[in-house]
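Nothing in this text is a laboratory measurement; each read-out follows from the coordinates by a stated rule. Note that the coordinates shown come from a computational prediction; the quantities given were computed from them, not determined experimentally. Backbone-built Cβ (ideal geometry, glycine too); neighbour counts: all protein chains shown.
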Amino acid sequence: MSTPYDPQDPYSSSSQPQPPSNPGQQPPPPGYSHQPPAPGYSQQPPQRPASERKGLAITALVLGIVALLGCWIPILNFGSIGLGLIGVVLGVVALVQVSKGRAGGKVMAIVGTALSAVAIVLSIVVNVFLFSVLEEQAPAIQDEIERQLEEDGFSDEEIDELLGG
């Protein structure tokens, strides 16, 4: 005859918890186990197909658009040159990835690279134009400033001191 707490009786109503088999570790919560994944499944999330990996191409396109928008603003378009350079590099890297089959977004990479290159060229053209106009107009601007200062009552010595010459 067995007692209610007999370890040999599988139908016993013993409510005493069993100690963990590995000291220092908690047993898994109910419903969870430490079993290896089933065959054909891995612990890592599945890789996205190459056609869905378009991050570099999208970044090149966005940088090209931003650089193109900013290339018309004098002086600040130096930042557009920097953004354009980064866009060209990322676009070329994206095109290399596409050609190796590791990524998608070929059209976006081409358009991003082209927009970035156009933004660089336009930024340089705008700056050259701006500085050539300023250089051409500098004597007239300085004469106008001197005239305004004389009208405001500044002496010739004060004007020379202010204008550095």
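So for each of 86-97, 134-145 I average, over its residues, the number of other beta carbons within 10 Å; can you give me the resulting order with the highest mean first?
86-97, 134-145
Peptides 125-131, 76-82 ordered by packing proxy, namely the average of other Cβ atoms within 10 Å per residue, highest first: 76-82, 125-131.
Size check on segment 103-146: the Cα extents along the three principal axes, sorted descending, read 62, 13, 9 Å. Placing unit charges on each Cβ (+1 for Lys and Arg, -1 for Asp and Glu) gives segment 52-163 a dipole about its Cα centre, and among Pro139, Val66, Asn77 the Cα reaching farthest toward its positive end belongs to Val66.
Paramagnetic label reach from Phe154 (point 7 Å along Cα→Cβ; backbone nitrogen cut-off under 14 Å): within segment 127-146, residues 141-146.
For segment 52-163, calculate the relative contact order in percent as a whole number, restricting contacts to Cα pairs under 8 Å that are 6 or more residues apart. Can you show the working numbers first?
Working: 160 pairs, mean separation 34.8, N = 112.
Across segment 52-163, relative contact order equals 31 percent.
Looking at the calculated P(r) for segment 52-163, what percent of the C-alpha pair distances fall above 24 Å? Walk me through the numbers on the way to the answer.
Details: 2997 of 6216 pairs.
Taking all Cα-Cα pairs of segment 52-163, the fraction more than 24 Å apart is 48 percent.
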